[in-house]
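Read-outs: derived from the displayed coordinates by stated rules, not from any lab. Worth saying up front: this structure is predicted, and the values here are computed from it rather than measured. FYI the Cβ positions are ideal-geometry reconstructions off the backbone, even for glycines, and counts take in every protein chain you see.
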Amino acid sequence: MKLIELHARSMESAADVVDAVRPGQLDLPTPCAGWTLRRLLEHCVGQHRGFAAAARGAGPDLALFADAPLGDDPAGAFRRTGFDLTAAFREADAAGRSLWLPEIRDGGPFPLAQAVGFHLLDTLVHGWDVAAALGTREGFVAAVDGDEELVAALLAVTESVPDTPEARAPGRAFRPGLPPGPGAGPGRFERALALLGRDPAWKA
């Protein structure tokens, strides 16, 4: 499935950003309100594990998606669990498997392509969150915008996310959308961020 290969590219891009995180930076604020960089990475690693379990046939068990301790190697934990998730998606594709995702709507099961799209979006947006916390978001944005297939897939998933008061209420994954910029050419990743309620110009 082409989308799985695009997900692998999103994971590589995000992992490259996380590789730059140093222990003294884990308490930095992020665009996720109230979350430090440590909290954000714990969430990401937990999501990697939860999606991988779902891809391998686990039922709708919220405990599988719990935030995960980072240990002494946050970047290594992110990279190992992220690439295990990509492998799990490939296994699910070969098996024709749908995924139970208890954090999303009624929990599913969701078609594999839809589940992969959900996580591709999360990977790129949280990759941007990390880059923004580190002050390196411009390079990350440019890299994603430079990958025509990847940014197109991101926008397609982003535009399918409901922007209703219920879906964007406090405590939900995304805030109400912000006025987006042009939808074509440079800036498409920033358009996706704005549609999800992220301020592309965020600074700590």
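Observations
- Contour minus Cα-Cα distance for ALA152 and TRP202 (0.36 nm per residue): 15.7 nm
- Here region 41-141 is assigned +1 on the Cβ of each Lys and Arg and -1 on the Cβ of each Asp and Glu. Its dipole about the Cα centre then comes out at about 280 debye.
- Dipole magnitude of region 2-195, debye to nearest 20 (Cβ charges: Lys/Arg +1, Asp/Glu -1, about Cα centre): 240
- Here is what passes the span test in the chain: the DSSP H helices with alpha carbon length of 20 Å or more along the helix axis and a Kyte-Doolittle mean of 1.0 or above are 112-134.
- Along the axis of the charge dipole computed for region 2-195 (Cβ charges of +1 for Lys and Arg, -1 for Asp and Glu, origin at the Cα centre), the listed residues ILE4, ALA63, PHE83 are led at the positive end by ALA63.
- Longest site-free stretch - the chain; sites: trypsin sites (Lys or Arg not before Pro), DSSP loop, at most 13 other Cβ within 10 Å: 1-104
- Virtual spin-label span in nm between GLU12 and ASP61, 7 Å along Cα→Cβ: 3.3
- Net charge contributed by nearby residues that have their C-beta within less than 15 Å of ALA8 (K/R +1, D/E -1): -4
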